[in-house]
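Structure first, commentary second.
Computed from the coordinates by the stated procedures, all read-outs in this text should not be read as laboratory data. Everything quoted here is computed from the prediction, not taken from an experiment. Quick reminder, even Gly has a Cβ in these numbers, built from the backbone with ideal geometry, and neighbours come from all protein chains shown.
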Amino acid sequence: MPELPEVETARLTLGPLVTGRRIERLDVRRPEAMRSHTPAEAARVVAGRHVFGVDRRGKTLLVHLSGGWTLAFHYALWGVVLVRGAVVPDASTAALLALDDGKVVEFRELQLSNLNLYRTAALASMPALASLGPDPLDPSLTLARFRERLSGRGAIRNMLTDQSRLAGIGNLWALEVLFAAGLRPGRAVQTLSEEQWKRLHQATRSVLRRGIRAGGEPEFIDATGRRGRFRPAVYGRGGQPCRVCGTRIATGRVGGRPAFWCPKCQR
Ligand SMILES: [Zn+2]
């Protein structure tokens with residue numbers, strides 16, 4: 001499931017390939033992929049517009065177009081955005097965006113992921129975006145504000161993945177952050193010490209940044225077709241030795257989702 005580091009990688013690789021280009025046409029081949037408009041309406045809105053730039057909000061890519069429109073791609077379970085010289089559409093092709101340099105942006109393999117066209121001026125009030133908490137990498141998210149966002153009662157993993165508290169962290173990156181912070185996923189957030197809050201705040205930023213530098217987790221595919229190169233420390237490694245201490249990685253469920261942690265490195 002693409003999360004912040006993967007969507008940021010998509011933004012970083014897609015941006016330079018589409019910014020400044022004119023869109024010749026949009027071909028929505030799977031109507032259910034475009035939620036806000038019919039394929040014909042969407043094609044009319046987008047054709048002839050220039051791409052101003054590509055932003056990210058949580059797990060949503062925002063492609064800003066001339067004339068006050070934004071094409072938003074909400075990543076849900078899975079989806080690939082690829083820029084190619086030529087595309088022979090197949091059954092997995094959801095939509096194609098033809099650019100004036102002959103390249104094509106292909107949206108494919110969508111699993112609940114979807115496209116929407118929004119008025120750029122109204123973006124902040126769109127329900128899917130309005131409910132999101134701050135970005136964990138936002139420089140204004142100080143330790144005090146971070147702590148305030150995540151405070152309450154419950155497992156720390158559930159707090160980290162609650163999109164209304166922080167935007168963009170899912171199960172994989174929450175578990176990696178918690179390993180780096182030395183905290184178990186099921187640990188009650190109300191029991192964290194001053195020092196542990198500090199470590200969690202730092203680990204959240206450093207692990208997500210590391211994930212972006214690695215191009216995301218290994219299944220993710222960026223706009224150039226390159227796979228992610230991040231090696232998870234705990235995620236999906238149940239029963240295997242911890243890379244720090246050699247203890248077998250434990251597995252369990254937290255908040256109904258699979259969880260992985262090192263029983264020795266994490267408290
Ligand atoms: Zn360990």
**Prompt:** Which length gain, in nm to one decimal place, applies between Arg199 and Asp90 when the Cα-Cα distance is subtracted from 0.36 nm times their residue separation?
**Reply:** 34.6 nm
**Message:** Output wanted: per-residue J couplings in Hz (rounded whole) for the range 219-234, from phi through Karplus 6.51 cos²θ - 1.76 cosθ + 1.60, θ = phi - 60°, x for Gly and Pro.
**Reply:** 7, 6, 10, 7, 5, 9, x, 7, 7, x, 10, 6, 9, x, 7, 10
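Would you work out the charge dipole size for the range 143-261 about its Cα centre, treating the Cβ of every Lys and Arg as +1 and the Cβ of every Asp and Glu as -1, and quote it to the nearest 20 debye?
Rounded to the nearest 20 debye, it is 160 debye.
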**Item:** Ellipticity estimate at 222 nm from DSSP helix runs (n ≥ 4, -39,500 (n - 2.57)) divided over the chain, nearest 500
**Value:** -8000 deg cm²/dmol
**Message:** To the nearest 20 Debye, how big is the dipole of the chain about its Cα centre, given +1 on the beta carbon of each Lys and Arg and -1 on that of each Asp and Glu?
**Reply:** 960 debye
**Fill in**
Here, the chain modelled as identical Cα point scatterers in vacuum has Debye log10 I(q)/I(0) at q = 0.08, 0.13 Å⁻¹ of -0.35, -0.85
**Message:** Averaged across orientations, what area in nm² does the convex hull of the alpha carbons in the range 4-130 project?
**Reply:** 6.8 nm²
**Request:** Count charges around Tyr118 for me, please; just the other residues with Cβ under 15 Å from its Cβ, Lys/Arg as +1, Asp/Glu as -1.
**Result:** +3
**Residues Leu26, Leu61, sorted so that the one with the fewest Cβ neighbours within 10 Å comes first** = Leu26, Leu61
**Request:** Please list the non-local residues whose amide H lies under 5 Å from the amide H of Ser36, H modeled 1.01 Å from N, same-chain partners needing a gap of 5 or more.
**Result:** Leu117
**Fill in**
At R0 = 45 Å the Cβ-Cβ FRET efficiency linking Ser164 and Asp101, nearest 0.05, sits at 0.70
